[in-house]
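Working notes, structure below.
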Amino acid sequence: MRYLSPREDGRPASNAVIEPTRVTREELLDDAFMAQVYAQLPAGVRLRTAEELEASIEGVLSRHDGNAAIHVFGYGSLMWNPAVEHTGMHPAKVHGWHRSFCLRSIIGRGSQECPGLMLALDRGGACQGVLLQIGPRKVRDELRVLWRREMLTEVYQPRWVTADVGGRPVSAITFTVNRAHPRYTKTLPLQEMARMINTGAGSLGTCREYFDATIQKLETLGIRDAGMERLRFAAG
């Protein structure tokens, strides 16, 4: 796996949007690939076992009708790189949660030497994103892909939320931040957040690529996010 180093001045190399590295469904199911990604974690950080992931999925599905499709609310990379097989994607809005760069990233698009920031849903406000629909026959298989992507560490908590899709309420799974986790960084000043976005880099690419791809997708969807706009201005 390649390691991408940021510029020393903490600025992106150019104003052009760089196509980000996209993790595939096949890579997420590849134990060797996942071991390489998570090898960057400090010693002593525990990853969930396959059995624990399965138990978590079953806990979430205990509230779901097994004969129905399932919906997943995406607000970050799930919007532009779902990496799961889905039968539809629709703009949606969730109340009570907002999109926030509040997770210190030390794997993937960050490292211990060059930490970045990643998105999560944090309490308060509202968030516009997308709903991914997964067909009933593929629910468990595709949730296993999602859980390997989002739930190997304890930074996220899976949660059922109600999404508004064109005035219609739809129950959906999403991933909210675990505020008790040591990588939760809610109190960072705006300029420090911008610096980490510009300098974070790891084996999957740079944090700036992730940020720009998210901004670009929001613009494509016609979504205005004031917090993201403030960060874009600060990051330059």
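The values are calculated or read from the model by the stated rules, or taken from the named source; none is laboratory data. Just so it is clear, the structure is predicted and the values come from calculations on it, not from any experiment. Here Cβ is always computed from backbone atoms with ideal geometry, including for glycine, and neighbour counts include all displayed protein chains. The accessibility values were calculated without ligands, DNA or RNA, using every heavy atom of the protein model including side chains. Shrake-Rupley method; radii C 1.70, N 1.55, O 1.52, S 1.80 Å.
Here are the numbers for this structure:
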read-out: Trypsin sites (Lys or Arg not before Pro) restricted to segment 60-101 and DSSP loop, no more than 16 other C-beta within 10 Å; value: ARG63
read-out: Whole-Hz couplings from phi, Karplus 6.51/-1.76/1.60, listed for segment 218-230; x for Gly and Pro; value: 4, 5, 4, 7, x, 9, 9, 10, 4, x, 5, 5, 4
read-out: Carbon/sulfur fraction of accessible area - the chain, other protein chains in place, 1.4 Å, %; value: 50
read-out: DSSP beta bridge pairing in the chain, given as percent antiparallel to the nearest 5; value: 95
read-out: ³J(HN,Hα), Karplus 6.51/-1.76/1.60, whole Hz, each residue of segment 177-182, x for Gly, Pro; value: 6, 8, 5, 7, 6, x
read-out: Lysines whose Cα lies under 18 Å from that of LYS93, excluding same-chain neighbours fewer than 8 positions away; value: LYS217
read-out: For the chain, calculated [θ]222 nm from helices alone, where every DSSP H run of n ≥ 4 adds -39500 (n - 2.57); value: -9000 deg cm²/dmol
read-out: Surface per residue (accessible, 1.4 Å probe) for segment 113-202, Å²; value: 43
read-out: Share of pairwise Cα separations in the chain, more than 26 Å, in percent; value: 35
read-out: In Hz, Karplus ³J(HN,Hα) per residue of segment 24-30 (6.51, -1.76, 1.60; θ = phi - 60°; x = Gly, Pro); value: 8, 4, 5, 5, 5, 8, 8
